[in-house]
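Have a look at the structure below, then the notes.
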Amino acid sequence: MSMMNFSPFFEKFLDAQNFIFSGSIEIKIADTKIEISRDRITVDIHTPHKLKNILSLDIGDFKNVGNLRDILKMLDDAGEILKSKKKTLILKYRGVDVVVIGYGASPGMFKKNFEIKSKISLMKLLGAYF
């Protein structure tokens with residue numbers, strides 16, 4: 001799976017990271033804050049349904065996602081790509097870390113490239129998209 005299938009939205013941020021030598025860029029979209037630094041992208045979502053409307057993510061990007069196992073596979077694939085580039089994506093929900101994907105993750109026994117910090121918050125975010 002390529003990063004394009006994971007989300008074209010984040011692929012743009014990976015490209016933007018190449019132009020950052022120090023410091024970070026902060027972007028606010030609705031109630032969501034996105035901070036991009038050289039090695040990390042942090043996305044803090046406060047109202048998932050508003051973000052969904054603004055980003056208009058095509059559900060076709062997730063057409064192969066049928067259950068939790070598929071979601072975990074998608075996270076692991078994205079994490080593998082990020083890890084190979086020594087990049088980290090941190091997804092937050094209302095200021096609480098939900099998932100760390102890529103290089104900065106401390107994976108568990110069955111997950112190699114991502115770390116789930118809050119299962120409940122992850123389910124809330126996923127519920128807004130499916």
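The values are calculated or read from the model by the stated rules, or taken from the named source; none is laboratory data. No experiment lies behind these values; they were computed from the predicted model shown. No Cβ is skipped: glycine too gets one built from the backbone with ideal geometry, and neighbour counts run over all protein chains shown.
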**Fill in**
Picked from region 90-130 (must be among the small types (Gly, Ala, Ser) and assigned to a helix (DSSP H, G or I)), the residue surrounded by the fewest Cβ atoms within 10 Å (Cβ to Cβ) is Gly127
**Inter-residue pairs, beta-carbon under 8 Å, first in contact (Cβ under 8 Å) with a residue 40 or more places away in the chain and in region 94-122, second of a type in the set (Lys, Arg), 6+ apart** = Tyr103/Lys83; Tyr103/Lys85; Tyr103/Lys86; Tyr103/Lys87; Gly104/Arg40
**Asked** Between residues in region 64-85 that are under 16 Å from Leu122 (Cα atoms) and residues that are part of a helix (DSSP H, G or I) and at pLDDT 80 or above, which pairs lie under 7 Å by C-beta distance while being six or more apart or on different chains?
**Response** Val65/Met74
**Request:** Within region 91-104, work out how many residues are more than 12 Å from the chain's Cα centre (by Cα) and of a type outside the set (D, E, K, R).
**Result:** 4
